[in-house]
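J.: Input: one structure, supplied below.
The values are calculated or read from the model by the stated rules, or taken from the named source; none is laboratory data. None of the values given here were measured: they were computed from a predicted structure. When we count neighbours, we look across all protein chains shown, and the Cβ atoms used for this are built from the backbone with ideal geometry, even at glycine.
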Amino acid sequence: MTESEGIDASAGDVVVLVGTSKGLFALAAGPGREGWRLHGPWFKGEEIYAAALDCRHRPARLLVGATSSHWGPSVYRSDDLGASWVEPDPETLAFPKHTGAAVARVWQLQPAGDAQPGVVYAGVEPAALFRSDDAGESFRLDDGLWGHEHRPQWQPGGGGLCLHTVVPDPAGGPRLGVAVSAAGFYRTLDGVSWEAANVGIRAPFLPDAMPVFGQCVHKVDRHPAEPDLLFIQHHWGVYRSEDFGGRWEEVGAEQLPSTFGFPVVADPNHPGTAFVLPLTSDAFRCTPDGRFRAYRTTDRGESWEALEKGLPQDNAWLTVLRDGFTADTLDPTGLYVGTRTGQVFGSSDGGDSWGELAGHLPPVLCVKTAVLR
Amino acid sequence: MRISALLDAVAAGYPAIGRRLRDEAGTLRRHVNVFVGADNARDLDDVDTVIPDGVEVTLLPAVSGG
């Protein structure tokens with residue numbers, strides 16, 4: 001297909017967006033999740049750290065956070081599944097002049113729930129939250145988080161000081177959580193004021209191992225039907241909160257081959273079920289023992305089982321980044337994982353078995369999925 | 001005219017080009033080069049460089065990008 005062709009998909013189909021270091025790709029299949037069709041690349045040469053397929057609208061809207069190494073970042077949108085694209089004019093995903101800051105990269109594009117059909121959040125580097133009320137056509141800075149008293153002390157993680165995760169309230173309420181690397185998890189309960197919410201998360205790389213902030217939260221996810229239940233994959237440790245971040249408890253420390261990793265995915269169909277993909281240490285960052293395995297809990301993190309059927313188990317030294325793992329909303333849940341070596345693996349049975357959907361893409365930076373309505 | 005004023009004029013007439021050359025804080029993007037004649041502005045006074053009359057200014061993506 002040519003770059004000007006859109007994704008060949010219709011209502012009921014599953015679309016998997018694959019953002020890579022050299023452009024955007026997409027996989028599409030019917031609800032049976034067989035016979036995947038690969039589309040792309042769009043935005044050749046640009047880093048795609050953020051993408052979303054917003055199916056709250058008809059037609060569905062594609063949003064892409066692309067970064068050109070020459071020309072900087074921008075958020076593009078398409079209402080015809082990629083056949084044509086609109087570049088914002090003017091660009092409002094930009095810091096107001098009084099801040100003196102400039103967006104280096106868009107790390108996350110997160111549509112809110114069905115109760116707020118026009119709301120889309122954007123997380124950027126340097127760590128800041130932007131909000132759109134017109135489905136991604138224009139954005140404004142969240143001044144409350146930008147002006148937080150902790151900000152002058154925030155330190156970057158290995159990927160930069162980025163706001164990489166946004167956790168909206170699925171019911172459309174004011175509660176909102178964000179994760180910043182490496183400042184930690186912050187939340188607002190009233191939609192205006194923000195507080196650090198890291199109690200219980202150990203930060204062994206700091207003199208005070210239990211600081212108020214400064215944790216390197218890699219990813220946060222929640223189940224839409226249990227919005228108080230959150231899972232975090234931290235720089236070291238997987239954590240669970242039962243009160244939307246009021247307190248965290250480490251889980252899986254004795255059962256996972258490593259407590260280091262990047263993504264965590266909550267199964268949207270089964271509360272208490274979540275997935276992680278452990279990597280060996282922050283120095284090595286490859287799958288343990290040369291075996292590519294995801295891990296699943298079905299009891300809120302109390303126990304974990306390895307998922308490996310159909311995944312490479314011999315000399316597979318692979319890395320999956322924080323947004324490289326996602327789940328669809330069909331039941332059994334479909335899971336999709338992209339690696340830095342350009343492979344995309346998928347499961348249509350909740351992780352019991354896997355297959356390779358694409359094997360020769362550029363390094364995968366993000367994987368996002370949606371079922372077309 | 002300084003380079004900064006030239007870039008302001010470009011941004012005023014062509015906003016999409018303007019934001020590709022400079023970020024919203026007004027900083028020339030890292031992998032964009034501005035040549036005043038054969039001289040890279042980064043070797044002169046950067047965006048404060050005064051453009052001599054009749055000298056061509058060239059804006060180019062740097063080989064360091066991409």
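J.: Looking at region A:277-297, is at least one residue under 24 Å from A:GLY113 (Cα atoms) and touching a residue at least 12 places away in the same chain (Cβ under 8 Å)?
T.: no
J.: Name every residue in region B:56-65 that is not in a strand (DSSP E or B) and not hydrophobic (A, V, I, L, M, F, W, C), in order of residue number.
T.: Taking region B:56-65 and keeping what is not in a strand (DSSP E or B), we get B:56, B:62-65.
Passing the criteria: B:GLU56, B:SER64, B:GLY65.
J.: Among (1) facing chain B (nearest Cβ under 9 Å); (2) over 27 Å from A:PHE345 (Cβ atoms), there is one condition A:GLY45 misses while meeting the rest; what is its number?
T.: Status for A:GLY45: all satisfied but (2).
J.: (1) assigned to a loop (DSSP other than H, G, I, E, B); (2) under 27 Å from A:GLY123 (Cβ atoms): which one isn't true of A:LYS368, the others all being true?
T.: Evaluating A:LYS368 over (1) assigned to a loop (DSSP other than H, G, I, E, B); (2) under 27 Å from A:GLY123 (Cβ atoms) leaves (1) as the failure.
J.: For A:ASP80, are the conditions met, namely being away from chain B (no Cβ under 14 Å) and either buried (at least 20 other Cβ atoms within 10 Å of the Cβ) or not small (Gly, Ala, Ser) (or both)? First the steps, then the outcome.
T.: Values: away from chain B (no Cβ under 14 Å): yes; either buried (at least 20 other Cβ atoms within 10 Å of the Cβ) or not small (Gly, Ala, Ser) (or both): yes.
For A:ASP80, the condition - away from chain B (no Cβ under 14 Å) and either buried (at least 20 other Cβ atoms within 10 Å of the Cβ) or not small (Gly, Ala, Ser) (or both) - is met.
J.: Another question, if that's okay. Which one of A:LEU321, A:LEU307, A:LEU372 is hydrophobic (A, V, I, L, M, F, W, C) and in contact (Cβ under 8 Å) with a residue 60 or more places away in the chain?
T.: Numbers: A:LEU321 fails: in contact (Cβ under 8 Å) with a residue 60 or more places away in the chain; A:LEU307 fails: in contact (Cβ under 8 Å) with a residue 60 or more places away in the chain.
Selected residue: A:LEU372, the only one of A:LEU321, A:LEU307, A:LEU372 that is hydrophobic (A, V, I, L, M, F, W, C) and in contact (Cβ under 8 Å) with a residue 60 or more places away in the chain.
J.: When region A:83-108 is examined, which residues are found to be modelled with pLDDT of 95 or more, facing chain B (nearest Cβ under 7 Å) and farther than 19 Å from A:GLY160 by Cα?
T.: Of everything in region A:83-108, nothing turns out to be modelled with pLDDT of 95 or more, facing chain B (nearest Cβ under 7 Å) and farther than 19 Å from A:GLY160 by Cα.
J.: How about region A:132-150: which of its residues are within 12 Å of A:ALA122 (Cα to Cα) and not small (Gly, Ala, Ser)?
T.: Pass one, region A:132-150, residues within 12 Å of A:ALA122 (Cα to Cα): A:132-133, A:135-142.
Scanning region A:132-150 gives A:ASP133, A:GLU137, A:PHE139, A:ARG140, A:LEU141, A:ASP142.
J.: Those residues that are assigned to a loop (DSSP other than H, G, I, E, B), within 14 Å of another protein chain (Cβ to nearest Cβ) and not β-branched (Val, Ile, Thr), I need them from region B:1-55; list them, please.
T.: If the condition is that a residue be assigned to a loop (DSSP other than H, G, I, E, B), within 14 Å of another protein chain (Cβ to nearest Cβ) and not β-branched (Val, Ile, Thr), then B:TYR14, B:ASP23, B:GLU24, B:ALA25, B:GLY26, B:ARG29, B:ARG30, B:HIS31 are the ones that fit.
J.: Give region B:56-66 a look and list any residue that's more than 14 Å from chain A (Cβ to nearest Cβ) and surrounded by 15 or more Cβ atoms within 10 Å (Cβ to Cβ), or say none.
T.: Step one: list which residues in region B:56-66 are more than 14 Å from chain A (Cβ to nearest Cβ), which gives B:56-58.
Scanning region B:56-66 gives a single hit, B:VAL57.
J.: Just to be sure I understand, how many residues within region A:105-126 are touching a residue at least 40 places away in the same chain (Cβ under 8 Å) and either surrounded by fewer than 17 Cβ atoms within 10 Å (Cβ to Cβ) or charged (D, E, K, R) (or both)?
T.: 5
J.: Would it be correct to say that A:GLY32 is in contact with a Gly (Cβ under 9 Å, 6 or more places away or on another chain) and in a loop (DSSP other than H, G, I, E, B)?
T.: On the way: in contact with a Gly (Cβ under 9 Å, 6 or more places away or on another chain): no; in a loop (DSSP other than H, G, I, E, B): yes.
When the stated conditions are applied, A:GLY32 does not pass them.
J.: Is it true that some residue in region A:115-127 is in contact with a helix residue (DSSP H, G or I) (Cβ under 6 Å, 6 or more places away or on another chain) and among the acidic types (Asp, Glu)?
T.: no
J.: Limited to region A:48-77, what total is found for residues that are part of a loop (DSSP other than H, G, I, E, B) and either over 18 Å from A:LEU372 (Cα atoms) or within 12 Å of chain B (Cβ to nearest Cβ) (or both)?
T.: Matching residues across region A:48-77 total 3.
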